[in-house]
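Asks: Dropping the structure in here first, questions after.
The values are calculated or read from the model by the stated rules, or taken from the named source; none is laboratory data. Computed from a predicted structure; not experimentally measured. All Cβ positions, glycine included, derive from the backbone under ideal geometry; neighbour counts span all protein chains shown. Please note that ligands, DNA and RNA were not included when accessible areas were found on the heavy atoms of the full protein model with its side chains. Shrake-Rupley method; radii C 1.70, N 1.55, O 1.52, S 1.80 Å.
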Amino acid sequence: MTRTLDHILLLAGTSEARQLAKSIAQRFAAVRLTVSFAGVVKDLPDLGVPTRVGGFGGVDGLVSYLQEEGVDLIIDATHPFAAQMSRHAVDAAGQTDTHLIRLERPIWHEVDGDTWQHVASTTAAAEALPEKSRAFLSVGRKEIDKFTNRDDCFALVRMIEPPERPLPDHWHLVLERPSKSVDAERHLLKHHKITHLVTKNSGGASSYAKIEAARQLEVPLLMIKRPALPDANTAASTAEVLKFIEQFVDCRD
Ligand code: NAP
């Protein structure tokens, strides 16, 4: 038996990370796995595997963690907009000769019936919103402050945890995960008379329903481009990540 992998650090925060945690624990049971959450969302899933919560303390902190815990593979399955963590992972892996693979969901592409305006950042999206529009801001908690100066607009704001600072009084806050139901998303857009949807190009199936709903209702969309990330090994799916792990672990034992 050849095994050259002792400890996998899985950087989490996405549904793919949760799937990977379960699959790795099942398929590579002899390899130590630690799943790491930022701790932004309080209600963490019980994955039945060892978990740590909270930042590492920048690149230096991550380097120390990798060395002290004998990590030999980092799987970066953070959200495509969690760019700082992904950059730190590349830096720390480089400094410690740790293997790294980043799961990069394919981006969403415009299809017939979509009206998208591509914007470079959340700040650009806030500036591009037409005056007095009624926006559905599906941008997460961290970025919402970039929009609050646009109180000439109405905004329906959806996020998982409450915002740090209060939103304008006439805005409507929904504390929920994105719905997978196109009907539910269409209802929400219609109910709040939404004229513009603002979203990050997160990719993946779990938050695509709102885009389909906007297409059906002919609601234009401001699509925020992904941040650039340094080069790394990448995989487009959880299956590809599992295949990458196989090269280190002989599963015939
Ligand atoms: P970020 O800006 O890239 O990271 C900020 C800091 O949070 C990092 O420098 C790191 O702190 C810590 N951190 C992030 N992910 C971590 C992880 N998995 N384990 C341990 N520490 C982590 O990330 P973010 O945009 O704040 O996102 C935070 C988490 O929410 C991520 O895990 C991400 O997958 C998830 N998420 C983000 C978005 C989004 O749109 N940004 C959407 C859905 C889910 P130190 O420097 O101290 O190590």
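Asks: Mean shadow of the range 146-187, computed from the convex hull of its alpha carbons, in nm²?
Replies: Details: hull surface 14.0 nm².
The number I arrive at for the range 146-187 is 3.5 nm².
Asks: Let me cross-check Glu212: its accessible surface, 1.4 Å probe, with only protein heavy atoms counted, in Å² to the nearest 10?
Replies: Approximately 60 Å² for this residue.
Asks: Given labels modelled 7 Å from the Cα in the Cβ direction, how far is it in nm from Arg177 to Glu127?
Replies: Label-label distance for Arg177 and Glu127, simple model: 3.5 nm.
Asks: Ranked highest first by the average count of other Cβ atoms within 10 Å around their residues, in what order do 238-244, 83-89 fall?
Replies: Working: 238-244: 16.9, 83-89: 19.3.
Highest to lowest by the protection proxy: 83-89, 238-244.
Asks: Taking only Cα atoms and a 10 Å spring cutoff, compute GNM fluctuations for the chain and point out the largest among Asp43, Asp91, Asp152.
Replies: Asp43
Asks: Calculate how many DSSP beta bridges within the chain are antiparallel, expressed in % of all such bridges and rounded to the nearest 5. Display every interim value, and only then the final one.
Replies: Details: 1 of 39 bridges.
In the chain, approximately 5 percent of DSSP beta bridges are antiparallel ones.
Asks: What's the Kirkwood radius of the chain in Å, using all Cα pairs?
Replies: Values: mean 1/r = 0.0509 Å⁻¹.
This gives a value of 19.6 Å.
Asks: Quick one: order Phe154, Phe136 from most to least accessible surface, probe 1.4 Å.
Replies: Working: Phe154 30, Phe136 0 Å².
Output order, biggest surface exposure first: Phe154, Phe136.
Asks: Using DSSP to define loop residues, name the GluC sites (Glu not before Pro) in the range 1-106 whose beta-carbon has at most 16 other beta-carbon atoms within 10 Å.
Replies: Numbers: sites: Glu16, Glu68, Glu69, Glu104; in loops: Glu69, Glu104.
Qualifying residues, ordered by number: Glu69.
Asks: How much length is gained if the chain between Asp46 and Glu110 is pulled fully straight, taking 0.36 nm per residue apart and subtracting their Cα-Cα distance, in nm to one decimal? Walk me through the intermediate numbers first.
Replies: Details: separation 64, 0.36 × 64 = 23.04 nm, distance 3.56 nm.
Length gained between Asp46 and Glu110: 19.5 nm.
Asks: Putting +1 on Lys and Arg Cβ atoms and -1 on Asp and Glu Cβ atoms, find which of Ala128, Val90, Leu103 reaches farthest to the positive end of the dipole of the range 89-128.
Replies: Val90
Asks: How high is the relative contact order of the range 116-224, given as a whole-number percent (alpha carbon pairs under 8 Å, six or more residues apart)? Please list the in-between numbers first.
Replies: On the way: 187 pairs, mean separation 36.4, N = 109.
Once divided by the residue count of the range 116-224, the mean separation gives 33 percent.
Asks: At 1.4 Å probe size, with every protein chain present, just tell me what the per residue accessible area of the range 1-86 comes to in Å².
Replies: Ligands and nucleic acids excluded, the result is 46 Å² per residue.
Asks: Related question: Indicate the gyration tensor shape class of the range 116-224 (rounded, prolate or oblate), computed on the Cα atoms with a ≥ b ≥ c the square roots of the eigenvalues: a/c under 1.5 is rounded; otherwise a/b larger than b/c is prolate and the rest oblate.
Replies: Numbers: a/c = 1.32, a/b = 1.23, b/c = 1.08.
Rounded.
Asks: Taking the 0 to 90 degree range and rounding to the nearest ten, how far is the long axis of helix 15-27 tilted relative to the main principal axis of the chain, both from C-alpha atoms?
Replies: For helix 15-27, the angle is close to 20 degrees.
Asks: How much of the accessible area of the chain, in percent, comes from carbon and sulfur atoms when a 1.4 Å probe is used? Write out the running numbers ahead of the final one.
Replies: Working: 6130 of 12750 Å².
On the chain, the fraction of accessible area on carbon and sulfur atoms equals 48 percent.
Asks: Under 23 Å Cα-Cα from Lys243, which lysines qualify once same-chain neighbours fewer than 8 residues away are excluded?
Replies: Lys22
Asks: Shifting gears a bit: So for the pair Asp152, Lys243, with labels modelled 7 Å out along Cα→Cβ, what separation do we get in nm?
Replies: With each label point 7 Å from Cα toward Cβ, the separation is 5.1 nm.
Asks: Separate question: By how many degrees, 0 to 90 and rounded to 10, does the Cα axis of helix 58-68 deviate from the longest principal axis of the chain?
Replies: Helix 58-68 sits roughly 30 degrees off the main axis of the chain.
Asks: So what is the relative contact order of the chain, in percent, for Cα pairs below 8 Å that sit 6 or more residues apart?
Replies: Working: 450 pairs, mean separation 56.8, N = 253.
Relative contact order comes out at 22 percent.
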